[in-house]
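Chemist: One structure coming up, written as structure tokens, with questions to follow.
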Amino acid sequence: MSLQLILSDRKFRSLYWIQFLGALNDNLLKNGMVILVEYQGLSLLGLDPPSIVALAGAVFILPFFSFSMIAGQIADRYDKARVVRGIKIWEMLITLISTLGFLEHNLWILLTALFMMGCHSAFFGPIKYSALPDLVASEKLVTANAYVEAGTFLAILLGTIGGGVLISLSGGEYWLCLVINICALVGLILSWRMPALPPHSPDLKLRWKPFSMMPETLQMLRTQSVVFHSVLGISWFWAFGAVILSLLPPYCKEY
């Protein structure tokens, strides 16, 4: 596969690296916190480290479950480039908050930052995919999707490994905080290099009731079996991965 899209296509390149750095930061923050909890024995409300690790996974995933449908509406309603800039400013705030949490070893702050990072990714996800048809020609759309997916999983791997490596260094909290803040800052700078992406449905009336929309969305999906089965497959894949990542730190420590 040619690297031409990433190397020479400026419009796509900005989006690609924004999503790469965002996914990297998600996992640097999450795994850095998980390793800190598991290996330094931090506790919260009397919970043991494995329970806190599982709680951290749930806290990160909850925004995807709660806000994805609202995020999809926003992606259709507003200029996607402006929304991305707002999301990247939000990410910068999150990394500053998480810096305080890591330096103070305060799990309440870290869990709050993790939930905020989940919100950041939940709102960026629909934009990441819906912006592609506006950034690349139709004949390059499958290739662009492949790059985005490959970049996302590479960032997850690097973030999962890097979060653990950084936090285990001498003064690891400082190194981890430095890296996540740099990633957030670079993503924020790149967001201003994205071209304007006019909304597809500027007159769309936003609905702010995610839980009432879920039955409607599921019903709509059921009418399109190919889409419905794809959603089930993707959901199973991510659920399985989340469970494994929650079990892995305590398993490694124990065995």
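The values are calculated or read from the model by the stated rules, or taken from the named source; none is laboratory data. Quantities reported herein were computed from a predicted structural model and do not represent experimental measurements. Cβ sites come from the backbone with ideal geometry, for glycine too, and all protein chains shown count toward neighbours. In case anyone asks, the SASA skips ligands and DNA or RNA and just uses the protein heavy atoms, side chains included. Shrake-Rupley method; radii C 1.70, N 1.55, O 1.52, S 1.80 Å.
Chemist: Order the peptides 235-245, 153-163, 12-22 from the highest to the lowest mean number of other Cβ atoms within 10 Å of their residues.
Modeler: Going from most to least packed, we get 12-22, 153-163, 235-245.
Chemist: OK, next. Which residue, LEU29, LEU206, LEU107, tops the fluctuation ranking in a GNM of the chain built on C-alpha contacts under 10 Å?
Modeler: Maximum among the listed residues: LEU206.
Chemist: Using a cut-off of 12 Å between beta-carbons, work out the net charge of the residues near GLY32 (Lys and Arg +1, Asp and Glu -1, GLY32 not included).
Modeler: -2
Chemist: Taking all protein chains in place and a 1.4 Å probe, what share, in percent, of the accessible surface of the chain do carbon and sulfur account for? It would help to have the intermediate numbers written out before the result.
Modeler: Numbers: 9270 of 13370 Å².
Within the chain, the accessible surface is 69 percent carbon and sulfur.
Chemist: Per residue, how much accessible surface does segment 112-221 expose to a 1.4 Å probe? Answer in Å², no decimals.
Modeler: With all protein chains present, segment 112-221 gives 52 Å² per residue.
Chemist: Follow-up. What residue among VAL227, VAL59, VAL179 shows peak mean-square fluctuation when the chain is described by a Gaussian network model with Cα springs under 10 Å?
Modeler: Maximum among the listed residues: VAL227.
Chemist: Quote the charge dipole size of the chain about the Cα centre in Debye, to the nearest 20; the model charges only the Cβ of Lys and Arg (+1) and of Asp and Glu (-1).
Modeler: 700
Chemist: To continue, here is another question. Full extension from GLU104 to ASN145: what is 0.36 nm times the residue separation minus their Cα-Cα distance, to one decimal in nm?
Modeler: Working: separation 41, 0.36 × 41 = 14.76 nm, distance 3.99 nm.
Full extension of this stretch gives 10.8 nm more.
Chemist: Multiply the residue gap between ARG82 and LEU62 by 0.36 nm, knock off their C-alpha separation, and tell me the result in nm, one decimal place.
Modeler: Once the chain is fully extended between ARG82 and LEU62, it gains 4.7 nm.
Chemist: Within a Cβ distance under 12 Å of TRP192, other residues only, what is the Lys/Arg minus Asp/Glu net charge?
Modeler: With Lys, Arg at +1 and Asp, Glu at -1, the neighbours total +4.
Chemist: May I ask you to derive the FRET efficiency for LEU185 and LEU218 from their Cβ-Cβ distance with R0 = 25 Å, giving the value to the nearest 0.05?
Modeler: Using R0 = 25 Å, I get an efficiency of 0.05.
Chemist: Karplus couplings for segment 65-74 from phi (6.51 cos²θ - 1.76 cosθ + 1.60, θ = phi - 60°), rounded to Hz, Gly and Pro as x?
Modeler: 5, 8, 10, 4, 5, 5, 4, x, 5, 5
Chemist: Report, in whole Å, the centroid distance computed from the Cα atoms of segment 95-149 and segment 153-197.
Modeler: First find each Cα centre; the distance between them is then 11 Å.
Chemist: Per residue, how big is the convex hull of segment 137-214 when only Cα atoms are used? Give it in Å³.
Modeler: Residue-normalised Cα hull volume stands at 189 Å³.
Chemist: Give me the number: length gained by fully extending ILE97 to ARG207, i.e. 0.36 nm times residue separation minus the C-alpha to C-alpha distance, one decimal in nm.
Modeler: The ILE97-ARG207 span can extend by a further 36.7 nm.
Chemist: Moving to a separate point now. Rounded to the nearest 20 debye, what is the charge dipole size of segment 128-255 about its Cα centre when +1 sits on each Lys and Arg Cβ and -1 on each Asp and Glu Cβ?
Modeler: Details: 8 positive and 7 negative charges, 50 e Å.
With only Lys, Arg, Asp and Glu charged at Cβ, the dipole is about 240 debye.
Chemist: With springs connecting C-alpha atoms under 10 Å apart, model the chain as a Gaussian network and identify which of SER130, SER212, SER168 has the largest mean-square fluctuation.
Modeler: SER212
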